[in-house]
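Novice: Dropping a structure here in structure tokens format, bear with me for questions.
Rule-based calculations on the coordinates, nothing more; no lab input. Model, not experiment: these values are computed from the prediction. Every residue, glycine among them, receives a Cβ derived from its backbone with ideal geometry; neighbour counts consider all protein chains shown.
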Amino acid sequence: MEHALTFSSERANYAWAGGMCTVDHAPRHILDESTARRIEEERQRECPAHEGTVLHLVPKDIDMFDQEVLSFWMTAEASANVVARAVVVPSGLTALRHHIRWVFFSSDVPFRVFRNPQVAKGWLIDCWLQHQEDLGLVDAYEDVEPSSLG
């Protein structure tokens, strides 16, 4: 069992583990750009050393989800020390709209919107491993002979 650093506020529950910060947004509230900015400030304040991936889980029973939140999370301001960011949304229409937007616009950090949390986590892990490889931290087994692995 992996242990995680956790923090809770009225807006979200945060958990940092394995290079990933999971932000589980509180149900029954409004998630607009100003709320997203406060959540990002909390995330950076509570774990300033975190330089990894961020997974946002938007609940099905959220009162309102403003599309500008996705635009904010794609900015350089929101992407400080973030390798990649994924958002799991309850609406297939929101995911589709973002996918169409993503085709035409790029973000400052790898960013995607998903419907399935496991698919989102898999994508973030791939981004994290690619980042580690780009830094030269993953080629530990590059020179190891397959016969010596067991």
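Novice: As a footprinting exposure proxy, order LEU137, LEU57 by other Cβ within 10 Å, with the fewest listed first.
Specialist: Least to most surrounded, the residues fall as LEU137, LEU57.
Novice: Let me ask something else about it. Could you list which residues have their amide H under 5 Å from that of ILE62, counting only those 5 or more apart in sequence or on another chain, with H placed in the peptide plane?
Specialist: Distant-sequence amide H within range of ILE62: ARG28.
Novice: Related question: Could you list ASP63, ASP126 in order of exposure, starting from the residue whose Cβ has the fewest other Cβ atoms within 10 Å? If you can, show how the numbers build up before the last one.
Specialist: On the way: ASP63 9, ASP126 13.
Result, fewest neighbours first: ASP63, ASP126.
Novice: With a 10 Å Cβ neighbour count serving as the proxy for reagent exposure, in which order, fewest first, do HIS131, HIS56 appear?
Specialist: Values: HIS131 18, HIS56 25.
With the sparsest Cβ surroundings first, the list reads HIS131, HIS56.
Novice: Continuing with the same structure: So for segment 5-139: antiparallel DSSP bridges make up what percent, rounded to the nearest 5? Please report the intermediate quantities before stating the final value.
Specialist: Values: 10 of 27 bridges.
Antiparallel bridges make up about 35 percent of those DSSP assigns within segment 5-139.
Novice: List, in order, the whole-Hz ³J(HN,Hα) value for each residue of segment 121-132 obtained from phi through the Karplus relation with A = 6.51, B = -1.76, C = 1.60 and θ = phi - 60°; use x for Gly and Pro.
Specialist: 4, x, 5, 5, 4, 4, 4, 5, 5, 4, 4, 5
Novice: While we're on this one: Are there trypsin sites (Lys or Arg not before Pro) in segment 1-69 that DSSP marks as loop and that have at most 11 other Cβ atoms within 10 Å, and which are they?
Specialist: Numbers: sites: ARG11, ARG28, ARG37, ARG38, ARG43, ARG45, LYS60; in loops: ARG11, ARG28, LYS60.
Of the trypsin sites (Lys or Arg not before Pro), the ones in loops of segment 1-69 whose Cβ has at most 11 other Cβ atoms within 10 Å are ARG28, LYS60.
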